[in-house]
Amino acid sequence: MALKNFMNVRISDLMVMYIKLHRFHWFVEGPLFLPLHAKYEELYDEMTELFDEFAERLLAIGGTPVATMKEYLNLSEIKEDGNEVAPKAIFETLIKDYTFLAEELKKGVGIAQEEGDEATADLFIGTITTLEKHVWMFKQSVK
């Protein structure tokens with residue numbers, strides 16, 4: 001897969017994650033509501049920044065980021081299905097989705113490097129680090 005196409009799929013994944021995180025933020029229930037409500041807001045704010053960074057990087061390398069919900073839903077490999085409200089179920093979903101994104105971005109590092117684009121590879125590597133840290137924290141939360 002060419003880098004520009006790869007980036008549009010990841011941009012779509014990031015948008016779907018943003019929406020999922022909003023849903024988690026709005027519908028979390030239980031005794032941990034207050035800290036989790038704030039945490040999910042922090043996560044969707046971070047997802048907004050990543051989404052924007054990826055789209056701007058794609059523009060910088062001559063690509064055109066997808067920019068409609070229809071395109072995001074068609075391209076995203078992360079699905080928005082589910083009605084999780086219990087913290088454990090939400091964390092399990094986040095572990096799955098964040099792990100998937102990190103693994104895909106590892107593939108993206110190779111694609112970017114094959115195309116001689118070290119800056120995009122670096123963006124992916126930094127994002128992998130962030131995602132993997134969150135996965136570790138989510139896993140600690142379900143023990």
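Is it the case that region 103-113 has a residue that's under 13 Å from the mean Cα position of the chain (by Cα) and either within 14 Å of L21 (Cα to Cα) or touching a residue at least 12 places away in the same chain (Cβ under 8 Å) (or both)? So far as region 103-113 goes, yes, one or more of its residues are under 13 Å from the mean Cα position of the chain (by Cα) and either within 14 Å of L21 (Cα to Cα) or touching a residue at least 12 places away in the same chain (Cβ under 8 Å) (or both). Listed by first and then second residue, the pairs with beta-carbon distance under 7 Å, at least 6 apart or on different chains, first residue in region 82-95 and surrounded by fewer than 17 Cβ atoms within 10 Å (Cβ to Cβ), second polar (S, T, N, Q), are G82/T93. Listed conditions (1) farther than 19 Å from E80 by Cα; (2) open to solvent by 70 Å² or more (accessible area, probe 1.4 Å) are all met by K39, apart from (2).
In region 2-36, what residues are over 14 Å from L94 (Cα atoms), open to solvent by less than 10 Å² (accessible area, probe 1.4 Å) and of a type in the set (A, V, I, L, M)? Once the filter is applied, which keeps residues that are over 14 Å from L94 (Cα atoms), open to solvent by less than 10 Å² (accessible area, probe 1.4 Å) and of a type in the set (A, V, I, L, M), region 2-36 yields L3, M7, I11.
Please verify whether region 61-69 includes one or more residues that are of a type in the set (G, A, S) and without any contact (Cβ under 8 Å) to a residue 40 or more places away in the chain. Looking for residues that are of a type in the set (G, A, S) and without any contact (Cβ under 8 Å) to a residue 40 or more places away in the chain, one finds at least one in region 61-69, hence yes. Scanning region 112-143 for residues that are of a type in the set (V, I, T), farther than 17 Å from A89 by Cβ and open to solvent by 40 Å² or more (accessible area, probe 1.4 Å) yields I125, T129, T130.
The values are calculated or read from the model by the stated rules, or taken from the named source; none is laboratory data. The model shown is predicted, which means the values in this text are computed figures rather than measured ones. Using ideal geometry, Cβ is built from the backbone for each residue, glycine included, and neighbour counts are taken over all protein chains shown. For the accessible areas, the whole protein counts, side chains as well, though only heavy atoms, and no ligand, DNA or RNA atoms are used. Shrake-Rupley method; radii C 1.70, N 1.55, O 1.52, S 1.80 Å.
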